[in-house]
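Undergrad: Before I ask anything, here is the structure I am working with.
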Amino acid sequence: MKKFHFPLRSVATVRSHREMLAKEALAAAVQARVAAGARLAESRLRLSDMERMRTSARLGRFRPADEVAFAHSYRRERLIEGECVRQVDLASSEVEVRRIACIEANRALKAIERFEAVALGAHRSSAFRAEQAEFDELAGRRAARPRHFL
């Protein structure tokens, strides 16, 4: 029986490599989104701490200079929070782009794998037919051989 050789093996190798790269890019994008989410959570925690400090400071004496400094730092922290939200949104959209690319790479690889399965099935059935033809020929020769009776 002839050994099976799939002519599109190099294409399958390239597509498998592309799928692996797409998975790695997706993993990196997910890690970036998680990191951006962590930065956003830290920023929101700092904001809540600042708001708690501001409400507790209102119980004491009013100091305009402290209030101005606090207002500036609070405004700066709000800008940082806005930037963190923007980064989370960008990272989320990047994850979606990478996920779509990963799905497409997987589909392309699965198509080649289906072609290979069909080709392997055809090879096996062809080999089975050839083997069966050999058995039939052998049986035909044995049947055609003269038998000697004693």
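Undergrad: Does A139 satisfy the condition of being at pLDDT below 90, farther than 30 Å from M20 by Cβ and assigned to a helix (DSSP H, G or I)?
TA: Yes; evaluated as a whole, the condition is true for this residue.
Undergrad: A further question on this structure: Taking the residues in region 29-45 that are touching a residue at least 60 places away in the same chain (Cβ under 8 Å) and among the small types (G, A, S) as candidates, determine which candidate is nearest to I100 (Cα to Cα).
TA: Once the filter is applied, the top-ranked residue is A29.
Undergrad: Any chance region 96-108 includes a residue that's closer than 30 Å to K2 by Cα and either surrounded by 15 or more Cβ atoms within 10 Å (Cβ to Cβ) or not β-branched (V, I, T) (or both)?
TA: Checking region 96-108: at least one residue is closer than 30 Å to K2 by Cα and either surrounded by 15 or more Cβ atoms within 10 Å (Cβ to Cβ) or not β-branched (V, I, T) (or both).
Undergrad: Would you pick out the residues in region 1-27 that are closer than 24 Å to V88 by Cβ and in contact (Cβ under 8 Å) with a residue 40 or more places away in the chain?
TA: Initially, region 1-27 is screened for residues closer than 24 Å to V88 by Cβ, giving 22-27.
Of everything in region 1-27, those that are closer than 24 Å to V88 by Cβ and in contact (Cβ under 8 Å) with a residue 40 or more places away in the chain turn out to be A22, K23, A25, L26.
Undergrad: Okay, moving on. Could we say that R78 is closer than 30 Å to R46 by Cβ and charged (D, E, K, R) here?
TA: Here the answer is yes, as R78 does meet what is asked.
Undergrad: Okay, moving on. Taking only region 112-134 into account, find how many residues are in contact (Cβ under 8 Å) with a residue 24 or more places away in the chain, surrounded by fewer than 16 Cβ atoms within 10 Å (Cβ to Cβ) and among the hydrophobic types (A, V, I, L, M, F, W, C).
TA: Qualifying residue count, region 112-134: 5.
Undergrad: Quick one: is S92 of a type in the set (S, T, Y), surrounded by 11 or more Cβ atoms within 10 Å (Cβ to Cβ) and in contact (Cβ under 8 Å) with a residue 40 or more places away in the chain? So that I can check it myself, show each step before the final result.
TA: On the way: of a type in the set (S, T, Y): yes; surrounded by 11 or more Cβ atoms within 10 Å (Cβ to Cβ): yes; in contact (Cβ under 8 Å) with a residue 40 or more places away in the chain: yes.
Spelling it out, S92 is indeed of a type in the set (S, T, Y), surrounded by 11 or more Cβ atoms within 10 Å (Cβ to Cβ) and in contact (Cβ under 8 Å) with a residue 40 or more places away in the chain.
The values are calculated or read from the model by the stated rules, or taken from the named source; none is laboratory data. Given the structure is predicted, the values throughout are model-derived calculations rather than measurements. When we count neighbours, we look across all protein chains shown, and the Cβ atoms used for this are built from the backbone with ideal geometry, even at glycine.
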